[in-house]
Amino acid sequence: MSNKYEIGIVGLGTMGSNLLLNIADHGYRVIGLDKDKDKVEALRAMATKNSNIEATNNLEEFLKNIHQPRAILLLVPSPVVDAVIAEMSSLMSPGDMLIDAGNSHFKDTNHREKSLKEKGIYFFGMGISGGEEGARFGPSIMPGGNPEAYEHIRPILEAIAAKVNGEVCVSYLGPGSAGHYVKMVHNGIEYGLMQLMAETYHLMKKVLKLSNDECHEVYKEWNKKEFNSYLLEITEKIFLEKDDKTNNRLIDVILDVAKQKGTGMWVCQDAMELQVPIPTIDAAVSMRDLSLHKEERKMAGLYLHGPEIKFKGDRKLFLQQLGNAYYASSIITFAQGMALLTKASVTYSYDFKVEDIARIWRGGCIIRAALLEAIMSAFHSTQLSHLLLDSHLHLEVRNKQADLRAIVEAGSRFGIPLPAFMASLSYYDGYRSEWLPANLIQAQRDYFGAHTYERIDEVGVFHKNWGQE
Ligand code: 6PG
């Protein structure tokens, strides 16, 4: 081993080793570090055929072999990030870069950046999306941190990122935790879109009683239209997959309990703090939570009866309405995520270029979709305050709202839970309402707690001794 590696990777799990191979494929020399000897050996076996690759389980050897200033990517599980940073930073030098490429909470990234700055080490929070395949052949990369230090790793990141029409799906996003914040919002949108799809499946399966093959056909058809997206593409395929154990369709033997690693919940928590409504994403997190209570749902179903499901309408029309409702709601979901980014940009001084975020989400990541071209164009005008006000996309939603209403109505009529569709429609209706019944809430607050209210005809704050002459 010699001092010849341009970048190091800590954590040789699925993501770490695939990124390492991706980097090596692009002509960069890369060294990996892991405490697990088997993982190190697996990479060393490849190193015999590829001189760009090396691996070790010795931290000092690892650090000694990376060009200075060092660029080191961390791909370790969130609970051990602090321990790994502590161990490594004591042996690193001023000017080195440590890039946390896991899904860390952006507030943790802020603390880590601040404490490493005191040692002269640049700490980066960097979102990577695209799963295993993305890591290996081109992910969407969302980096944030010091802009000058970024220049040092920019060529490597641009080489390994996904490309769309020759444009790279990576861009410097802003200081501090900007990259992790954008990845968190990406995941919130991911949750929202997945829940919307789950609701379309629920209607197809329980109302139209479609078979798995028929569901496959519907998603395949949708995916050909402007709705085209990675999530639709995999959903279409899921319905054909066979279970090795039973030879039945795998989808039918998967337990209806949805897990999460927390990023969806973090988005909702932060959106609440910033007072940016993202109700479709909130509904998605709540439904994953509700799904956890399998036994309780089973018991409650014995008591809490709903309406009988007997569909008598035009099935073809219903599917067409469902597709349009899905598309309109996806635009609304993206609009909520983009609104959160816009607010966070100011609150946390990230100074986001929302157009760039849409640009790097067009390829490599889980939420990549044809729709992102239109979203990117919408934010090309820096004056756009909200995606639903875009001259093209507002028409898409406005023209499809009747279908969204029809689907929400059907869900209510048949007792099918459609919280993401309902929240999307209510968001649309709330956002376009000049008047909302918030005056009543203000009156109640003032009545029971003297919290005061404002008036429509006079500036100031007022209080009434309610019920007294
Ligand atoms: C991605 C994904 C990924 C995500 C996992 C698990 O962009 O590649 O967003 O980073 O964290 O898919 O997410 P949940 O376990 O929370 O569903």
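The values are calculated or read from the model by the stated rules, or taken from the named source; none is laboratory data. The structure presented is a predicted model; accordingly, all values stated were derived computationally and were not measured. Virtual Cβ from ideal backbone geometry, glycine too; neighbours counted across all protein chains shown.
The condition of being at positive phi, modelled with pLDDT of 95 or more and within 16 Å of the ligand (Cβ to nearest atom) holds for only one of GLY138, GLY166, GLY192, that being GLY138.
In region 232-267, how many are acidic (Asp, Glu) and within 16 Å of the ligand (Cβ to nearest atom)?
The number of residues fulfilling the criteria is 2.
Among the candidates SER78, SER129, SER115, the residue that is among the small types (Gly, Ala, Ser), surrounded by fewer than 22 Cβ atoms within 10 Å (Cβ to Cβ) and either farther than 21 Å from ASN18 by Cα or at pLDDT 95 or above (or both) is uniquely SER115. Count of region 350-370 residues, restricted to those that are within 16 Å of the ligand (Cβ to nearest atom), β-branched (Val, Ile, Thr) and assigned to a helix (DSSP H, G or I), is 2. Scanning region 334-370 for residues that are surrounded by 22 or more Cβ atoms within 10 Å (Cβ to Cβ) and farther than 17 Å from TYR181 by Cα gives ARG362, GLY363, GLY364, ARG368, ALA369. Reported count of residues in region 197-229, each being within 15 Å of the ligand (Cβ to nearest atom) and either closer than 16 Å to LEU319 by Cα or assigned to a helix (DSSP H, G or I) (or both), is 2.
Only residues that are in contact with a Phe, Trp or Tyr (Cβ under 8 Å, 6 or more places away or on another chain), touching a residue at least 12 places away in the same chain (Cβ under 8 Å) and more than 16 Å from the ligand (Cβ to nearest atom) were counted in region 114-135, giving 2.
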